[in-house]
Amino acid sequence: MKIRKGKFQMNSLLLLITLAGSIMGCSKSKPTPTPVVTQTTTYKDPAQYGTPYSGVPATKDIVMYEVNIKTFTPANFAGVEARLDSIKALGVNVIWLMPTYPIGILKGVGSPYSVQDYEGVNASFGTLDDLRTLISQAHTLGMAVILDWEANDTSWDNAWITAHPSWYLQDASGNIIMPPGTNYTDVAALNFNNADMRTAMIRAMKYWVFTANIDGYRCDFADNVTTDFWSQALDTLSTITTHKLIYLAEGTKGTEISAGFQLGYAFSYYSTLKSVFGGSSANGLITTNSAELASLPSPGIKLRYITNHDDASSDGSTITEYGGKQGALSAFVIAAYMDGVPLIYSSQEVGYPNAINFFNNVPVDYTANPDMVAAYKKILAFRAANEAVKTGTLTTYSDNNICAFEKVAGSDDVLVLANTRNSNETLTIPVALQNTTWTDGMSGATINLQSAYTLPAYGYLILKK
């Protein structure tokens, strides 16, 4: 079964550039802006539904929760709404809803990223009013809501196919084609050289800001779309001054930040994290972290995660990936505390033990493993309360087995030790930290560091001076 990974294959990108004549920016400075989409005599923005949410967090403060609606019971907007209190209680302040649009049937394989109507609602999830109610309730509880957006292509039964064939890439015979260099047979590739298509897409993105009162977008496979389109789209959306919008790109090149996204993906960090828990040196995380941040234009921030919908489909449960419940928690501490902002994928917090194919309904028992849920709450509450974790200067002390680092912001000083092995491991404490006294951020106990400290299998220690 085809699983839409949205990864960044150079061959795919080069083919799309060749066919579409696109120009990809490579500078870390913001590209020359493309004029924003303005109103014409035949277009008018939709009326604003509800009151724009005023509590959208600063990027550095985001704790994001990815909602795969198909893991809830019932698998619809009402099922998610019923669990909003529990999601909020984790420490979440931003919800990312996976695609809520009608899914294509012609050549379809069930992928939620095969969008049949950019301005429609998947009837299996509910109605527009149901979606509005979900978003309104999230706002009431203090959480922003962003929608998933697939800009690369549409389903083969999207109305654009017949009404505007020139909006799509075509072969020499004039046949609309699937995305070059991919095996995505269920979708047709859009032509970003077509100004009318761009305008229609940007208006569809504006539609949801006004019509459902959303707070931004997570944009799928963003590196495969021309940078100048993202600049045009985000510049246009930013003219909606009544809303503070969040922009997350599934991108890693840096140009997505220059185009206006605040957040980019941490593919390399995720891969290294898995490798470390598989036996490679914990020092690799420090190297990868430094490389990712060096490639990221200011003020961009990386989204850090131990799984997401793609990885839970292809790589399995975090319980499998990281050696059990305790290993998954240790991995999450590293990802959530080193640098960037954390993501929780729905099912992760309760230690769902199996892979989740997001094309299908996979009911998750959200009452399972309350000990893990309690641990996630403590980890995220400490993060929220300590600026050092979010913005502090990083100093590293890792060895092969234990990921160890200190974060300092002003008088706020946090030290993290996380064992990446399924055995007791001992860290030699750096001389500068020997004979120092700390408070355990999880238990409140006093900890005196001497010359060495031993952590149990997959144990972690979060200390505050």
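The values are calculated or read from the model by the stated rules, or taken from the named source; none is laboratory data. Because the structure is predicted, anything quoted here is derived from the model rather than measured. In this analysis, Cβ positions are derived from the backbone assuming ideal geometry, glycine residues included, and neighbour counts consider all displayed protein chains. Please note that ligands, DNA and RNA were not included when accessible areas were found on the heavy atoms of the full protein model with its side chains. Shrake-Rupley method; radii C 1.70, N 1.55, O 1.52, S 1.80 Å.
Net charge of the neighbourhood of Tyr397, taken over other residues with C-beta under 14 Å away and scored Lys/Arg +1, Asp/Glu -1, is -3. The figure for Thr182 is an accessible area of roughly 30 square angstrom, using a 1.4 Å probe on the protein chains alone. Peptide packing: for 446-452, 382-388, the average count of neighbouring Cβ atoms within 10 Å per residue gives the ranking 382-388, 446-452, highest mean first.
Of the residues Asn68, Ile462, Asn361, the one whose Cα sits farthest toward the positive end of the charge dipole of the chain, with +1 on the Cβ of Lys and Arg and -1 on the Cβ of Asp and Glu, is Ile462.
Compared with the direct C-alpha span, the chain from Ser423 to Asn175 gains 83.4 nm at full extension, assuming 0.36 nm per residue. Fully extending the segment from Lys44 to Asp371 would add 112.6 nm, taking 0.36 nm per residue of separation and subtracting the current Cα-Cα distance.
Its Kirkwood hydrodynamic radius, worked out from the mean inverse distance over all distinct Cα pairs, puts the chain at 23.0 Å.
For the chain, the Cβ-based charge dipole about the Cα centre amounts to some 520 debye (Lys, Arg positive; Asp, Glu negative; other atoms uncharged). With R₀ fixed at 41 Å, the C-beta to C-beta distance from Thr437 to Ser314 puts the FRET efficiency at about 0.35. Expressed as a whole percent, the accessible area of the chain that falls on carbon and sulfur atoms is 54 (1.4 Å probe). Annotation: extensible slack from Gln450 through Thr239 equals 70.4 nm (criterion: 0.36 nm per residue apart, minus Cα-Cα distance).
What net charge do the residues around Gln348 carry, taking every other residue with its C-beta under 12 Å from that of Gln348, with Lys and Arg at +1 and Asp and Glu at -1? Present the calculation step by step, with values, prior to reporting the outcome.
Working: positive: Lys325; negative: Glu66, Asp311, Glu321, Glu349.
Charge balance in the 12 Å sphere: -3.
Annotation for the stretch 47-94 versus the stretch 361-385: alpha-carbon center distance of 15 Å.
When peptides 116-129, 47-60 are sorted by average Cβ neighbour count within 10 Å, with the highest value leading, the order is 116-129, 47-60. Peptides 192-205, 158-171, 216-229 ranked from most to least packed, by the mean per-residue count of other Cβ atoms within 10 Å: 216-229, 192-205, 158-171. What the chain shows is 36 Å² of accessible area per residue, with the surface traced by a 1.4 Å probe over protein heavy atoms.
How high is the relative contact order of the stretch 412-465, in percent, counting Cα pairs under 8 Å that sit 6 or more residues apart? Walk me through the numbers on the way to the answer.
Details: 107 pairs, mean separation 28.0, N = 54.
Worked out over the stretch 412-465, it gives 52 percent.
Which pairs in the list Lys88/Lys377; Lys407/Lys464; Lys88/Lys465; Lys206/Lys302; Lys302/Lys407; Lys325/Lys377 are over 20 Å apart, alpha-carbon to alpha-carbon? As for pairs spanning more than 20 Å Cα to Cα, those are Lys88/Lys465; Lys206/Lys302.
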